Amino acid sequence: WLSLERVRYAARLARETQLPVLVTGGRVFGGRPEADVMREVLEREYGVPVRWVEGQSRNTHENAVLSARLLQREGVSRVLVVSHGVDIRRARREFSATGLQVIPAPTGVPSMTVDNPIQLLPSMGALLGSYLALYELLGNIASVLHLSAA
């Protein structure tokens, strides 16, 4: 579901901007590389051609490093990075660290408003929000540790 949200937004941006598309993501838990699945959906279901496919990365840091290598070989130095609102800061930091000029393009930006007290009760949506927050916290810690070791 989250990947589809990113792919759908990337397709919209690609149509609006007419910019070439790179997809990135390898095999995290086995199966096909995420990049291959994204390419297939973009091309077959959205009619958006994909110019570059990076299918070896296992995390955001590797997404950035391996994507930058592909792009910089072709003289690309400025990119739109599509990611979710919860992790766009980390994605921007990782891609910027490779020397790319990054324009963040977040999707799925969480709302911080409470329209109804029922929203404060435990729910599956809240559990997903907790998962994403913890994932991002751990991702930021790993990113800081990686940058300080470099």
statement: Exactly one of VAL65, VAL79, VAL48 is part of a strand (DSSP E or B) and either open to solvent by 70 Å² or more (accessible area, probe 1.4 Å) or among the β-branched types (Val, Ile, Thr) (or both), and that residue is VAL79
Options ARG73, ARG92: the member that is of a type in the set (Lys, Arg) and either closer than 23 Å to LEU138 by Cα or surrounded by 15 or more Cβ atoms within 10 Å (Cβ to Cβ) (or both): ARG92
field: Residue count for the stretch 1-45, restricted to those that are polar (S, T, N, Q), surrounded by fewer than 20 Cβ atoms within 10 Å (Cβ to Cβ) and not in a loop (DSSP other than H, G, I, E, B)
entry: 2
message: Please go through (1) at pLDDT below 95; (2) crowded, with 16+ Cβ neighbours inside 10 Å; (3) over 16 Å from the mean Cα position of the chain (by Cα) for GLN119 and return the number of the only condition it doesn't satisfy.
response: (2)
message: Out of the residues in the stretch 1-55 meeting the condition of being closer than 18 Å to VAL81 by Cβ and basic (Lys, Arg), tell me which one is modelled with the lowest pLDDT.
response: ARG6
message: List the residue pairs whose Cβ atoms are under 9 Å apart, where the first residue sits in the stretch 14-25 and is touching a residue at least 24 places away in the same chain (Cβ under 8 Å) and at positive phi, the second is outside any helix (DSSP H, G or I) and not acidic (Asp, Glu), and the two are 6 or more positions apart or on different chains.
response: GLY25/PRO33; GLY25/GLY55; GLY25/SER57; GLY25/ARG58
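The values are calculated or read from the model by the stated rules, or taken from the named source; none is laboratory data. Quick caveat, the model's predicted, so the values are computed rather than measured. A quick note on method: Cβ atoms are made from the backbone with ideal geometry, for glycine too, and the neighbour counts reach across all protein chains shown. Ligands, DNA and RNA are stripped out before the accessible areas are found, and what is left, the full protein with its side chains, is counted by its heavy atoms. Shrake-Rupley method; radii C 1.70, N 1.55, O 1.52, S 1.80 Å.
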